[in-house]
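Report on the following structure.
The values are calculated or read from the model by the stated rules, or taken from the named source; none is laboratory data. Bear in mind that the values here come from a model prediction, so they are computed numbers and not experimental data. Because the Cβ atoms are built from the backbone with ideal geometry, glycine has one as well, and the counts that use them run over all protein chains shown.
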């Protein structure tokens, strides 16, 4: 039986690649509000009318271009049947998802060319932790 050697490496940013910036609060807020509105199958003008804001302004909030005042945010929340706590928790979830997606992940290299042999007794690579995310590259 052929041995498979695993090697875990940290991903390094490519030379010249710019570091991705963290999303702004208003961007995460807008994404959350848009998703909530769409899940309720409501159109922009319906929610804007219920919140007593212009359709254009609500669109700009959803696209992360405008940062609403607390009064406007409360009105939009009410129009969507949400509380400010629902919105704060939802935006925190948006930011957490973005953080996880942007986090560097180890790369596992599988050397399928090895013939025979066994894992060295001093091999330091352990099995992946349940629930961890790895990219796998097959090397032949």
Quiz item: Can you name the residue in the range 57-78 that is assigned to a loop (DSSP other than H, G, I, E, B) and out of contact with any helix residue (DSSP H, G or I) (no Cβ under 7 Å at 6 or more places or on another chain) and, of all such residues, is nearest to residue 32 (Cα to Cα)?
Solution: 65
Quiz item: modelled with pLDDT of 85 or more, assigned to a loop (DSSP other than H, G, I, E, B) and loosely packed, with under 14 Cβ neighbours inside 10 Å: does that describe residue 81?
Solution: yes
Exercise. With the condition kept exactly as written, say whether any residue in the range 84-95 is at pLDDT below 60, over 19 Å from residue 23 (Cβ atoms), surrounded by fewer than 10 Cβ atoms within 10 Å (Cβ to Cβ) and over 16 Å from the mean Cα position of the chain (by Cα).
Key: no
